[in-house]
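Working notes, beginning with the structure itself.
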Amino acid sequence: MSELPEMSTSIGVEVTRIDDRVEAARVTPRRQVDATRILYGKAASGAPSLIGSVFTLCAASQRIASEAAVAAAQARPTPDALRWRWRRMLYAERIAEHLRASLLDWPGEKSDPRRLAHLPALRKALAAARAAGEKDDNSLHAALKEAASEIGAPLDAGRNPTGWFAELWRDALQFARVAPCSSDADFLAIGDADTVHRALRERNANFLARPQLPGRVAETGPFARHFAYLRRNVGLLAARLQARFLDIAYALDALARSTPLAGESDLVVARSIRPGEGFAMVDSPRGFLFHRVEIDASGAVTAYDILAPTEWNFHPAGPFVRALAATRLDVAEPRRFVATLAALFDPCASCDIRLREALHA
């Protein structure tokens, strides 16, 4: 595989401002997890468990993507019962991860009593999501709904956020003037799976760090899933927060049903072009997650690549940079604005934000 220069585990975000205008916005991708180094020579059957233990965020999505990719490489069919279990785990993780990101990653004082008051509800949601693979009853839905309600998520159409989510909603609304919500967007879709699969087969490290489709640098995640239903008049940040609310409500609705929702898309797509090669695309909380594996005749892993949603959304020419470049920075706390916008793209890594004031020519 081609190599990239050494990178940080954080995403670099550098903004150059002239007066109240963004003169330049630059994103430096984070360092990638070298899954081949971790798994090379190990039995493919153990890959899902190991992968699931490496990632603290979206661990269920990572494990499911690995299970699906390995099964495709070994030409093993996926029973309906397993697919339903995956569905349950993915929707549960979607709710828990949105609550976790909203409570722990939102900019501001981490010791704020308003934030701390909701930690017990978050712990309840995380515990329920971790047990989702073993539960197939109403207790999973009940625990997650209770946690989301306690934190203040609006679970019904027409309801306003309360509690912690009301604080976030006010935060986001204050930036409506400087960051309007555009109707112009390009999103990853299941139909892009073949193109991504083809690119991953080339085993190019640059694609893993800076993925793009021919002529496109697309976005993935809650904003993409619910874009058609968002309010444009509240500004970009509030619209993105609304997408998170809708994603939580949709996932809870899905968990309450014994059959798929009308129009529900496949959460897991897997395929193989030859024996020993497998590819999986999973609709994780943050967006489409891709795994690809190569296995030798003895059942050992010889190559393994992971492409996460963060790499699409924080591509150096991607949706976050484009959104940032289109904003005005005539706000009292420009660093907080940039941090809030980044949080609403929900990266699975920290952002190292640097602001520079450029001199007039």
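The values are calculated or read from the model by the stated rules, or taken from the named source; none is laboratory data. All values derive from a computational prediction rather than experimental measurement. Here the Cβ is made from the backbone with ideal geometry for all residues, glycine too, and neighbour counts use every protein chain on show.
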Based on this model, can you work out whether Leu324 counts as surrounded by fewer than 24 Cβ atoms within 10 Å (Cβ to Cβ), in contact (Cβ under 8 Å) with a residue 40 or more places away in the chain and under 19 Å from Gly191 (Cβ atoms)?
no
Whichever residue in the stretch 193-224 is in contact (Cβ under 8 Å) with a residue 60 or more places away in the chain and of a type in the set (D, E, K, R) and, among such residues, is surrounded by the most Cβ atoms within 10 Å (Cβ to Cβ)
Glu219
Qualifying residue in the stretch 94-105 (condition: free of Cβ contacts under 8 Å to residues at least 40 places away in the same chain and of a type outside the set (Lys, Arg)):
yes
Among the candidates Ala142, Ala96, which residue alone is within 15 Å of Ala254 (Cβ to Cβ), modelled with pLDDT of 95 or more and surrounded by fewer than 16 Cβ atoms within 10 Å (Cβ to Cβ)?
Ala142
I'd like to check something: does the stretch 309-319 contain any residue that is of a type outside the set (Val, Ile, Thr), touching a residue at least 24 places away in the same chain (Cβ under 8 Å) and on the phi > 0 side of the Ramachandran plot?
no
Number of positions in the stretch 25-82 that are part of a loop (DSSP other than H, G, I, E, B) and either touching a Ser or Thr at 6+ places or on another chain (Cβ under 6 Å) or not charged (D, E, K, R) (or both):
16
Within the stretch 263-280, work out how many residues are among the β-branched types (Val, Ile, Thr) and free of Cβ contacts under 8 Å to residues at least 24 places away in the same chain.
0
Considering only residues that are under 21 Å from Pro309 (Cα atoms) and either modelled with pLDDT under 90 or part of a loop (DSSP other than H, G, I, E, B) (or both), which ones fall in the stretch 6-24?
Glu6, Met7, Ser8, Thr9, Ser10
Test Asp171 against the stated conditions and say whether it is under 22 Å from Ser350 (Cα atoms), touching a residue at least 60 places away in the same chain (Cβ under 8 Å) and either outside the structural domain of Ala280 (by TED's automatic domain parsing) or surrounded by fewer than 23 Cβ atoms within 10 Å (Cβ to Cβ) (or both).
yes
Just checking, which of Trp86, Trp106 is at pLDDT 95 or above and in contact with a strand residue (DSSP E or B) (Cβ under 7 Å, 6 or more places away or on another chain)?
Trp86
With respect to Pro48, is the statement that it is modelled with pLDDT of 90 or more, of a type outside the set (Gly, Ala, Ser), over 30 Å from Thr327 (Cβ atoms) and surrounded by 15 or more Cβ atoms within 10 Å (Cβ to Cβ) true?
yes
Any residue in the stretch 63-70 that is of a type in the set (S, T, N, Q) and surrounded by fewer than 19 Cβ atoms within 10 Å (Cβ to Cβ)?
no
Exactly one of these conditions fails for Gly163: (1) surrounded by fewer than 16 Cβ atoms within 10 Å (Cβ to Cβ); (2) closer than 30 Å to Leu144 by Cα; (3) not acidic (Asp, Glu). Give me its number.
(1)
Of the conditions (1) touching a residue at least 40 places away in the same chain (Cβ under 8 Å); (2) exposed (fewer than 15 other Cβ atoms within 10 Å of the Cβ), Trp86 clears all except one; give me its number.
(2)
Step by step: first the residues of the stretch 271-294, then only those that are closer than 14 Å to Ile306 by Cα and of a type in the set (A, V, I, L, M), then the one that is surrounded by the fewest Cβ atoms within 10 Å (Cβ to Cβ). Which residue is that?
Leu289
